[in-house]
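Engineer: My questions all concern the structure below.
The values are calculated or read from the model by the stated rules, or taken from the named source; none is laboratory data. Predicted model only: the values in this text are computed from it and were never measured. Cβ atoms come from the backbone with ideal geometry, glycine included; neighbour counts cover every protein chain shown.
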Amino acid sequence: MFEIVSAVAIFFIVYIFIVTEQIHRTIAAMIGATALMFLQVFENPHEVYIKYVDFNTIFLLIGMMLFVEAMKTTGFFQYVGIQGLRVSKGNLKMLFITFTLLVAVISAFIDNVTTVLIFVPMTLAVADAADFDPVPFVIGEIFASNIGGTATLIGDPPNILIGTAAHLTFIDFIKNLAPVSIIIFFVVDFFLLLVYRKEFNKKAENTLREDIYKSFDRKKIILGGVLLGITITLFLFQHKLDIPSSSIALMMGFSSVLIIEKEKVEEFLKGVDWGTIFFFVALFIITGALEETGVLEKIAIFMINLSSGSVQKLKALLISLSAIISAFVDNIPYTATMIPVIESLQKIDPHTYANLEPFWWSLALGACLGGNGTTVGASANVISLQILAQYGKKITFYKFLKLGMTVVAISTLISIIYVLIRY
């Protein structure tokens, strides 16, 4: 009982500090994570880092941050963004839809963190040259990355876990989750266009100045394009190559530094956001404590009991409660906890729960889309907002929460209607 109370109490205390921003989030999270160790919440403290810290994600972040730092020096992001602005003729609404659509599509096949690490710096580069507010664009790209990741088997880690456990194929995910993801994407984009209508009604005319194009180094831009192309190709064929995404990121990160500016290794390493890296390590440990003490399992069982044996009610509950929980808790351990619970449904009532597929889709939709709810709901959120803060545009937890939870509510409602009608 002491372990459960400690895990829950520290989780909420850390979140209070994250929300109020009285203490830097990395310090609050790290003190919370280490406090769990001192309080002996974990049965074997020596295995915590191996068992609960997702080092694939940690090294993916480091590798891609390094890659982006090297890519910035080529001018590739700025060049591509300004070309996009030329095509849209300064129409920010068109540019917003183009950027968010690209993010959603790429996130369906490549890790969300990788996608935003490519697109957010590109967006900021264009905003600098065109003199417009990048905040609506970055927020739209965050939402698009999480929505796009929902559509496929490899788009988001919870889907990989579900696909493996339920023996569902890539095509199964496309057929069942892509249609609703597309609907949600366009509804959310329309919502953001309304929220930021003042910003989008402006026209970025000063982007077509000739001096901007003369400042680009064509050789560096081509080099940047080749490196980015190789990186995306490796991520696309990652599963066939059977190579962890972190290995691809680290290889391309350090290779890019060697090829682009080998004399600036130390400078590029300083560009890695180590505060965010440690923040992720701490979050993995704090969420791991909730898993270790059985809190997540108790939530899952509560959900089943709340449905009172109703199939339709359970689908709706799975989507809505998974979305709420995933907005605050890492969706990977949550999904891992829910999988055996869903598998046990057939043992409880073989007739009522003869077909488990609708429940798998409900879990996937809730767990993936819930990440849009808070600044720490998904890795892509944390990374994007940190890059934005370094640019000089800080978004508070509360400000993002208002927008994020509205988007989660919209996504949840559409998902429930879709699942109840289709299945």
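Engineer: Across segment 299-325, what is the number of residues that are hydroxyl-bearing (Ser, Thr, Tyr) and modelled with pLDDT of 90 or more? Can you show your working first?
Structural biologist: Here is the first cut: in segment 299-325, the ones hydroxyl-bearing (Ser, Thr, Tyr) are 307-308, 310, 320, 322.
Now narrow it down to the ones that are modelled with pLDDT of 90 or more: 320, 322.
Count: 2.
Engineer: Additional query: Could you go through segment 308-319 and let me know if any residue there is among the small types (Gly, Ala, Ser), out of contact with any strand residue (DSSP E or B) (no Cβ under 9 Å at 6 or more places or on another chain) and surrounded by 15 or more Cβ atoms within 10 Å (Cβ to Cβ).
Structural biologist: Among the residues of segment 308-319, at least one is among the small types (Gly, Ala, Ser), out of contact with any strand residue (DSSP E or B) (no Cβ under 9 Å at 6 or more places or on another chain) and surrounded by 15 or more Cβ atoms within 10 Å (Cβ to Cβ), which makes the answer yes.
Engineer: Moving on to the next point. What is the one condition in (1) surrounded by fewer than 15 Cβ atoms within 10 Å (Cβ to Cβ); (2) touching a Phe, Trp or Tyr at 6+ places or on another chain (Cβ under 9 Å); (3) in a helix (DSSP H, G or I) that ALA367 does not satisfy?
Structural biologist: The one condition ALA367 does not meet is (1).
Engineer: Whether any residue in segment 376-392 is more than 21 Å from VAL103 (Cα to Cα), hydroxyl-bearing (Ser, Thr, Tyr) and part of a helix (DSSP H, G or I) is what I want to check.
Structural biologist: no
Engineer: Consider THR352 against the criteria (1) β-branched (Val, Ile, Thr); (2) part of a helix (DSSP H, G or I); (3) surrounded by fewer than 21 Cβ atoms within 10 Å (Cβ to Cβ): it satisfies all of them except one. Which criterion is unmet?
Structural biologist: (2)
Engineer: Filtering segment 21-48 down to residues that are touching a residue at least 40 places away in the same chain (Cβ under 8 Å) and farther than 13 Å from ILE286 by Cβ, which residue is farthest from the chain's Cα centre (by Cα)?
Structural biologist: Ranking the qualifying residues of segment 21-48, first place goes to GLU43.
Engineer: Only residues that are touching a Leu at 6+ places or on another chain (Cβ under 9 Å) and part of a loop (DSSP other than H, G, I, E, B): list them for segment 17-53, please.
Structural biologist: Scanning segment 17-53 gives a single hit, PHE42.
Engineer: Could you check segment 393-423 and list, in sequence order, the residues that are in a loop (DSSP other than H, G, I, E, B), closer than 30 Å to PHE132 by Cβ and of a type in the set (Ser, Thr, Tyr)? Give the derivation first.
Structural biologist: From segment 393-423, those in a loop (DSSP other than H, G, I, E, B) are 393-396, 423; that's our starting set.
If we keep only those that are closer than 30 Å to PHE132 by Cβ too, we end up with 393-396.
If the condition is that a residue be in a loop (DSSP other than H, G, I, E, B), closer than 30 Å to PHE132 by Cβ and of a type in the set (Ser, Thr, Tyr), then THR396 is the only one that fits.
Engineer: All but one of (1) in contact (Cβ under 8 Å) with a residue 40 or more places away in the chain; (2) among the charged types (D, E, K, R); (3) over 22 Å from MET122 (Cα atoms) hold for LYS240; state the number of the condition that does not hold.
Structural biologist: (1)
Engineer: Does segment 296-334 hold any residues that are out of contact with any Ser or Thr (no Cβ under 7 Å at 6 or more places or on another chain), under 25 Å from GLY404 (Cα atoms) and β-branched (Val, Ile, Thr), and which are they?
Structural biologist: ILE299, ILE324, ILE325, ILE332
Engineer: Oh, and also: Considering only residues that are buried (at least 19 other Cβ atoms within 10 Å of the Cβ) and either under 14 Å from the mean Cα position of the chain (by Cα) or among the aromatic types (Phe, Trp, Tyr) (or both), which ones fall in segment 398-420?
Structural biologist: PHE400, GLY404, VAL408, TYR418
Engineer: Mind checking which residues of segment 391-407 are more than 30 Å from LYS72 (Cα to Cα) and of a type in the set (Phe, Trp, Tyr)?
Structural biologist: Listed by number, the list holds a single entry, TYR398.
Engineer: Search segment 61-72 for residues that are touching a residue at least 40 places away in the same chain (Cβ under 8 Å) and pair each with any residue that is acidic (Asp, Glu) when their beta-carbon atoms are under 9 Å apart and the residues are at least 6 apart or on different chains.
Structural biologist: That search, which allows pairs on different chains as well, returns LEU61/ASP273; MET64/ASP111; MET65/ASP273; GLU69/GLU267; ALA70/GLU261.
Engineer: Which helices (runs of 4 or more DSSP H) does segment 90-206 wholly contain that include 2 or more residues that are modelled with pLDDT under 85 and among the β-branched types (Val, Ile, Thr)?
Structural biologist: 112-130, 157-166
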